[in-house]
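These notes concern the structure reproduced below.
Values in this text are rule-based calculations from the coordinates and carry no lab data. Bear in mind the structure is a predicted one, so any value in this text is a computation, not a measurement. Note that each Cβ is placed from the backbone with ideal geometry, even for glycine, and that neighbours are counted across all protein chains shown.
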Amino acid sequence: MNTHNKTSLEEKLQKFSSPVEMLRHAQVGGYDFPFPGQYTNWRDEQEAWQKSVVLFDQSFHMTDVYFEGPDVVRLLSDVGVNTLKNFGTNKAKQFVACNYDGYVIGDAILFGLAEGRVSLVGRPSVPNWVHFHAESGDYDVKVTRDERTVSNDDSRLIYRYQIQGPNALDLIKSVHQGVFPDIKFFNLGDLKIAGKKVRALNHNMSRMGGLELHGPVEDRDVILEALLKAGPEFDLFMGGSRAYSTVSPESGWIPSPMPAIYTGEAMKPYREWLSANGFEANASLGGSFYSDNIEDYYQTPWDLGYGKHINFDHDFIGHEALEKMVDQPHRRKVWLKWNNDDVQKVFASQLGSGDRYKYMEVPNAYYSILPFDKIVAEERVVGLSTYTVYTSNVRGWFSLAMVDEDVPDNTEVNVVWGEEDGGSAKPVVERHIQTNIRATVSFSRLNED
């Protein structure tokens, strides 16, 4: 896969006592969103996706991999848990892939661009896994990679703008030339803005309406100019990376499950294919949950709320293992509303002398790409908390979590905040002590009336 570094992930792993050691001390912080932190202020930018309209520039941080050829559908069907019976041109899907034992490698958005041509867009885990099988399997498929900016020495191939909020569709309609198409949820349609063809996906993260627009990168500036020029009438805000980093926890999507690739002989050829410079070899692991066994960090589709995506109408990697899991206990994806007094205690510890707790960066406090904090109730670990943020829409701190299925709604639990033994060797982790933060389990979004 990698032409710049001959060393593989498998070779890098041999230099460490365990995959956990490699990831726990990876010298990077959270996932990089390489665009300005804020254009106005992150609080108004957060509120815009609920009160008016916000535009996020998604042109930089996601990996786009294109697959084209007569065997594209067979490839995707063999790798993904989803059914592809209703998939085709102008359709999109949240594509979920597992390892041979049924544990999640990741998810990505699958775009049906044309007959026999698709793209997978998201963090690198799933595009890489499908690319590996396209190369190593018996598939007539051509692969074209458009790497995220941090891994790309060239220009991106396309721009991508996410426009969300109650005024989003009115804004887009105001700049569209012609009859506005009816684009159903997770479908694609064509728009015309400033004389340019624009592809639009109905992918509504905020539940307030909106579209995701993309097209050739050379059209990027003229499309953005048209949207910004029309924006004041609709109270448009450009959203920076600080606000953007809080969108997924508020909406309920866990961006980076632990890729279940680091163990098992069946996965070894893939680890040998992956680069030691790549995402999977350098994704930092952080938080109060600690185990020497990387498999304790793996998730099933049900843990992430993806059980609904599994369809046993086709044979796929992990099919047999997942069938055996169906009737087993599963964790449930929930929101945790953090206790205000306990959060204030964390911030107060930063003032004066004495021990301090792990600092909570505002508005997102996750300091690693793979953040996992342990959740304790009645003196037992009942789940994992991940992606801790503050938003002005919730007016408080909260996180997403995966909890045992016997944990009821509205239960008070404790999130252990901070890392063991004063903190790991990641440069973003200062010396600190751990503390408990009370949190309340919620089965529904925290800002829904």
Let me have the 222 nm mean residue ellipticity of the chain computed from DSSP H runs of 4+ only, each contributing -39500 (n - 2.57), with the sum over all residues rounded to the nearest 500.
-> -5500 deg cm²/dmol
Net length gained if the chain between D315 and D32 were fully extended (0.36 nm per residue, minus Cα distance) = 98.3 nm
If you plug each phi of region 416-433 into the Karplus form 6.51 cos²θ - 1.76 cosθ + 1.60 with θ = phi - 60°, what whole-Hz ³J(HN,Hα) values come out, in order, with x for Gly and Pro?
-> 7, 9, x, 9, 6, 6, x, x, 6, 8, 5, x, 7, 10, 7, 5, 7, 10
What share of all Cα pairs of region 332-442, in percent, falls into each consecutive 10 Å distance bin?
-> 14, 49, 31, 5, 0
Express in nm, to one decimal, how much length is gained between R207 and S17 on full extension, taking 0.36 nm for each residue of separation and deducting their alpha carbon distance.
-> 63.9 nm
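For region 155-228, which semi-axes, largest first and in whole Å, follow from the square roots of 5 times the eigenvalues of its Cα gyration tensor?
With the √(5λ) rule applied to region 155-228, the semi-axes are 18, 14, 12 Å.
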Give me the distance in nm between label points sitting 7 Å out from Cα along the Cα-to-Cβ direction at E323 and R395, one decimal.
-> 5.2
Which percent of Cα pairs goes in each bin when the distances of region 17-130 are cut into 5 angstrom slices starting at zero?
-> 2, 10, 15, 17, 14, 14, 13, 10, 5, 1, 0
Using a Förster distance of 60 Å, the FRET efficiency for D355-K308 (Cβ separation, nearest 0.05) | 0.85
Debye log10 I(q)/I(0) for region 212-275, one point scatterer per Cα, at q = 0.12, 0.13, 0.24 Å⁻¹ | -0.63, -0.69, -1.05
Cβ-based charge dipole, region 332-442, positive-most Cα from V415, Y359, L336 = Y359
Sorted by chain and number, the residues with a modelled amide H under 5 Å from that of G37, at a separation of 5 or more or across chains, are S241
Filter the trypsin sites (Lys or Arg not before Pro) in region 110-215 to those in DSSP coil with at most 13 other Cβ atoms within 10 Å of their Cβ, and list the result.
-> K184
